[in-house]
Amino acid sequence: MKKIITKLFICFVGLFFVNLTCFLYPNGLRAEEPNIYYQRGAKLAIPSAGFELKLRTELASYYSFTNYSAFKTRTTNSIQPDSKNSFDIQRANIITAGNVADKRFSYFIKYEAIKTNLGIYGDLFNSADPEHSGKLSETWGQWNAPNNYAKLRVGKQKIPLGLQRAMQDTELQFVTPALSNQVMFGVFDTNLNEKNKIITLEDKNTGIMGQSVTPYKNLLISWTTGIFNQEPGTNSNTNVLGLLGVNLVSNDYDRTVEGDRQYSQALAWTAGISATVTRLNLERRTVDVLNGALDFGLKYRGFSWQSEGLINYANAGRHGDAVNLGYYTQFGYFIVPQLQELAIRFSGIDFDKGFSQKAGFEYSLVYNYYLVGEFLKFQAGLAYYDLKMSLANSEKYQVFKGLVGVSGVF
């Protein structure tokens, strides 16, 4: 049934864009030789009609090994997780995107054929979805004001809560997001029938989002607001999520890409604050959740620094409330400009009592080698996690994880 719905949806999207083209160009497109070229994917453009179409494939495959170097339990019957060694396809995505009517309208469709969670979150939590296939993860259309000073986007989309969660996976410095971004922004509900179930607040939701950009001296000030149908989580009904954010950008700092492969000649920086408010309608009660992010980034001549502070506040009325904190900071430097990069990261979480995690730390190192420009990247990374949690009968995990592989955009 799910496959049938997916196929019908794809047909509907195709018919929608055919009808939109007929509406925008009632007299047809002027005869012109289209420009076909490669720019992070195959691109077809008809300049006189203001029409662009891009097809892109994203592939990433890694060999990973995970070793539990220390493991403490409350009972002698607890079983230590086995060390794992495996080859995995982290992602296999197909993206269709483009512009029509002189870039007044844009669209974006992302189909995830395969997605595997290679982070520690996928290793330790039974409630995580370590792998899925055949999913339309993003599908949206957007109206663009002249000079891009305002945008209005409708559809299923990433919510720009902080820096890292708003980026595509291909634009991250490390193979996986920071520990704080792997486990934050969810309600860890220990009162459900199955202990340690997680009601995940997805980073992609269906709704409407508006953005305006105001220039001020050498800065750009961006304001973002939106309202979404929260994708149902475990044992929850449809929920509503509201978004509000503001960020500052200097010297064309790109908030969609980590690292400074472009080798910024002038000091570029950004700072932002964003928050979402969600009401979860659970079977037994209602939970109000506030998520917030404070971020900062800096890039200069191959050097990059990025940090975020995160907060998750859940209020369950008479069932009590909880405040959970997370943070990370990471530094990168191109030891060979635009070709070879080293990056380090430190991340931590501090969760309220009664939740699945109580505290945890991550120490990571990654080496990136850009084999063919920005299109093909070799990565080798090491990470050490020190986690204190109340998961099943365990009390503590110390995990050493390594990843080696290739990521490409074609």
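The values are calculated or read from the model by the stated rules, or taken from the named source; none is laboratory data. As the structure is a computational prediction, the values presented were derived from the model and not from experiment. Every residue, glycine as well, gets a Cβ built from its backbone with ideal geometry; the counts of neighbours run over all protein chains shown.
Taking the stretch 81-116 as the range and being out of contact with any Ser or Thr (no Cβ under 8 Å at 6 or more places or on another chain) and among the acidic types (D, E) as the test, the residues that pass are D82, D102. If only residues of the stretch 308-336 that are surrounded by 19 or more Cβ atoms within 10 Å (Cβ to Cβ) and polar (S, T, N, Q) are counted, the one that is modelled with the highest pLDDT is Q330.
Taking residues in the stretch 209-226 that are of a type outside the set (S, T, N, Q) and crowded, with 18+ Cβ neighbours inside 10 Å, and partners anywhere that are at pLDDT below 90 and assigned to a strand (DSSP E or B), the pairs with Cβ atoms closer than 6 Å and at least 6 places apart or on different chains are G226/L243.
From the list D88, D123, the one residue that fits, being crowded, with 17+ Cβ neighbours inside 10 Å, within 29 Å of S64 (Cβ to Cβ) and at pLDDT 80 or above, is D88.
Yes or no, residue by residue, for (1) at pLDDT 90 or above; (2) in a loop (DSSP other than H, G, I, E, B):
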position: F174; (1), (2): yes, yes
position: P177; (1), (2): yes, yes
position: Q182; (1), (2): no, no
position: F188; (1), (2): no, no
position: V213; (1), (2): yes, no
position: I227; (1), (2): yes, no
position: P232; (1), (2): no, yes
position: L244; (1), (2): yes, no
position: V257; (1), (2): yes, yes
